[in-house]
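The values are calculated or read from the model by the stated rules, or taken from the named source; none is laboratory data. In this text, all values refer to a predicted model and were calculated from it rather than measured experimentally. Cβ: placed from backbone, ideal geometry, glycine included. Neighbour counts: every protein chain shown. Heads up: the accessible areas ignore ligands, DNA and RNA and are worked out on the full protein's heavy atoms, side chains in. Shrake-Rupley method; radii C 1.70, N 1.55, O 1.52, S 1.80 Å.
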Amino acid sequence: MNTFIAIVIIFGLLVFIHEWGHLIFAKRAGILCREFAIGFGPKIFSFKKNETTYTIRLLPLGGFVRMAGEDPEMIQIKPGYEIGLKFNSSDQVTDIIVNNKSKHPDCKVIQVEKIDLEDRLFVQGYLPDEEGLVTYPVHEKAHYIHDEEATQIAPRDRQFPSKTIPQRAMAIFAGPMMNFLLAVVILAAYAMMAGMPVDEARVGDVTDDGAAVEAGLEEGDRIVSIDGENVTTWEEMTRIIQGSANEPLMFEVERGNETFEVEMVPEERLGPDEEVQGVVGIYPPTEFSILGSIAFGFTTTWDYTVLIVEALGMLVTGQFSLDHLAGPVGIYSYTGEVAAMGFFVLMQWAAILSVNLGIINLLPLPALDGGRLMFIGLEAVRGKPVDPQKEGLVHFIGFALLMLLMLVVTWNDINKFFL
């Protein structure tokens, strides 16, 4: 249950922040955002605020922001159709009743001759029992009413394709960007609460068991040398300890004005790369600083970014196999292990996942944000956009391949963790 709650909170936050980035910068560009969704599939909860419907959907596999102009309008009104019109006090059309006109007895029925809801915003047609054409202006925020559901019209200047290349690129890039910023915030908060690691050969704290507590080490003890080799930094000290599993080491320790020696034998543990390492059971020293915590957030986010990019490079060059990738099942299992280590470790894990989500979405693959940015960049080079139907086909094929990869990775996870 703890793992499930941690997964819901972490992934909900990562997806929300990602899509919120798209939403904020799309709205700043003047794009009509019809829906802000967490998850895919059937709606389980929704509410509307201003122009946007906010929904939570059944399948927690991501999210999306539906911007006007990215897909063809679902409702097409052609000459000869009979529609109902409602007006505001300025005689502008505010509601276009597409069907079920009998449920709107106060609407004015018109047989459409011409209609333009993107550029000139008007509807022209014939009224029953009257001769001659009539023309009515349409309000820029008018709604279709189809099956008793209202959908706001999208004038061309409110559609995604009408915006400049920088505006569209920023609306797409904002999602991954917000994931990187979220990682910075999480790590800065972690440093403010838990303290920032200090690169000194000093004991920050001692575990409940292990060689250090048996030898009587205490918080604040400074390690002067190990087996006669002087150490001044945490990195120098841990390098010697990790390379000396099951080997006795003589530590020179400074406590206040007193200096003494103690022997410890590092216990054998498996490191991140499955290699054997020695540990004595001490934590690094920490310090607290607001400005330092903010700097820690940025520098650690950068470090995570470099590590993930390097791992992706190894995957592309064949140094990693698909067996090393983790899908939803693997991430769920790892999150359970991390959650058992405590809240602060879980914060670091959430930051890593946020950076990972940002990087993956920036890959130049169809259906991802990076693929969409690639098409926008191609438009900037060519001076004209790629045919929307061709671009849509590429994204569809890319999405299908990504789903296939997800199935393969998920099957590997199931075999690894449950079979």
Yes/no for Ala201 being open to solvent by less than 30 Å² (accessible area, probe 1.4 Å), modelled with pLDDT of 90 or more, farther than 16 Å from Asp303 by Cβ and in contact with a Phe, Trp or Tyr (Cβ under 7 Å, 6 or more places away or on another chain):
yes
So, first residue without any contact (Cβ under 8 Å) to a residue 40 or more places away in the chain in segment 274-290, second residue among the charged types (D, E, K, R) and open to solvent by 40 Å² or more (accessible area, probe 1.4 Å), Cβ within less than 8 Å, six or more apart or across chains; the pairs are Val276/Glu268; Val276/Arg269; Gln277/Glu268; Gln277/Arg269; Gly278/Glu247; Gly278/Glu267; Gly278/Glu268; Gly278/Arg269
Checking Glu113, Glu118, Glu82, Glu70 in turn, the sole residue that is in contact with a Lys or Arg (Cβ under 6 Å, 6 or more places away or on another chain) and charged (D, E, K, R) turns out to be Glu118
Pairing a residue in segment 26-55 that is on the phi > 0 side of the Ramachandran plot and open to solvent by 30 Å² or more (accessible area, probe 1.4 Å) with any residue that is assigned to a strand (DSSP E or B) and of a type outside the set (Phe, Trp, Tyr), where Cβ atoms lie under 6 Å and the two sit 6 or more apart in sequence or on different chains, gives Gly41/Arg57; Gly41/Leu58; Gly41/Leu59
Filtering segment 295-307 down to residues that are surrounded by 16 or more Cβ atoms within 10 Å (Cβ to Cβ) and either among the β-branched types (Val, Ile, Thr) or touching a Lys or Arg at 6+ places or on another chain (Cβ under 9 Å) (or both) yields Thr300, Thr301, Thr305
Here the residues within segment 211-249 that are open to solvent by 20 Å² or more (accessible area, probe 1.4 Å), more than 17 Å from Leu270 (Cα to Cα) and among the small types (Gly, Ala, Ser) are Ala215, Gly216, Gly220, Gly228
If we keep only residues of segment 358-416 that are within 24 Å of Ser162 (Cα to Cα) and charged (D, E, K, R), then the residue surrounded by the most Cβ atoms within 10 Å (Cβ to Cβ) is Asp369
Result of the Cβ filter at 6 Å on segment 380-398, keeping first residues that are more than 20 Å from Leu363 (Cβ to Cβ) and partners that are of a type in the set (D, E, K, R) and surrounded by 15 or more Cβ atoms within 10 Å (Cβ to Cβ), at least 6 apart or interchain, is Pro385/Glu379
Within segment 250-282, of all residues that are closer than 27 Å to Ala311 by Cα and touching a strand residue (DSSP E or B) at 6+ places or on another chain (Cβ under 7 Å), the one surrounded by the fewest Cβ atoms within 10 Å (Cβ to Cβ) is Leu270
I'd like to check something: does segment 245-253 contain any residue that is assigned to a helix (DSSP H, G or I), in contact (Cβ under 8 Å) with a residue 12 or more places away in the chain, more than 30 Å from Val185 (Cβ to Cβ) and acidic (Asp, Glu)?
no
Conditions (1) open to solvent by less than 70 Å² (accessible area, probe 1.4 Å); (2) farther than 30 Å from Ser89 by Cα -> Gln159 fails only (2)
Ile97 vs (1) open to solvent by 80 Å² or more (accessible area, probe 1.4 Å); (2) in contact with a Cys (Cβ under 6 Å, 6 or more places away or on another chain): all pass except (1)
Residue count, segment 341-376, condition under 20 Å from Val309 (Cβ atoms) and either of a type in the set (Ser, Thr, Tyr) or out of contact with any helix residue (DSSP H, G or I) (no Cβ under 9 Å at 6 or more places or on another chain) (or both), comes to 2
Those residues of segment 358-398 that are of a type in the set (A, V, I, L, M, F, W, C) and over 24 Å from Phe180 (Cβ atoms) come to a total of 7
Looking at Tyr81, is it farther than 30 Å from Gly370 by Cα, open to solvent by 30 Å² or more (accessible area, probe 1.4 Å) and either touching an Asp or Glu at 6+ places or on another chain (Cβ under 9 Å) or not charged (D, E, K, R) (or both)? yes
Do we find a residue being at pLDDT 90 or above, outside any helix (DSSP H, G or I), at negative phi and among the β-branched types (Val, Ile, Thr) anywhere in segment 170-177? no
Just one listed residue, out of Glu379, Glu337, is in contact with a helix residue (DSSP H, G or I) (Cβ under 8 Å, 6 or more places away or on another chain) and among the charged types (D, E, K, R), and it is Glu379
Screening Ile110, Ile172 for residues that are closer than 30 Å to Thr301 by Cα, open to solvent by less than 50 Å² (accessible area, probe 1.4 Å) and among the β-branched types (Val, Ile, Thr) leaves only Ile172
Out of (1) modelled with pLDDT under 95; (2) open to solvent by less than 70 Å² (accessible area, probe 1.4 Å), the one Pro137 does not meet is (1)
Per the filter on segment 56-95, residues without any contact (Cβ under 8 Å) to a residue 40 or more places away in the chain, among the acidic types (Asp, Glu) and under 14 Å from Ile153 (Cβ atoms) are none
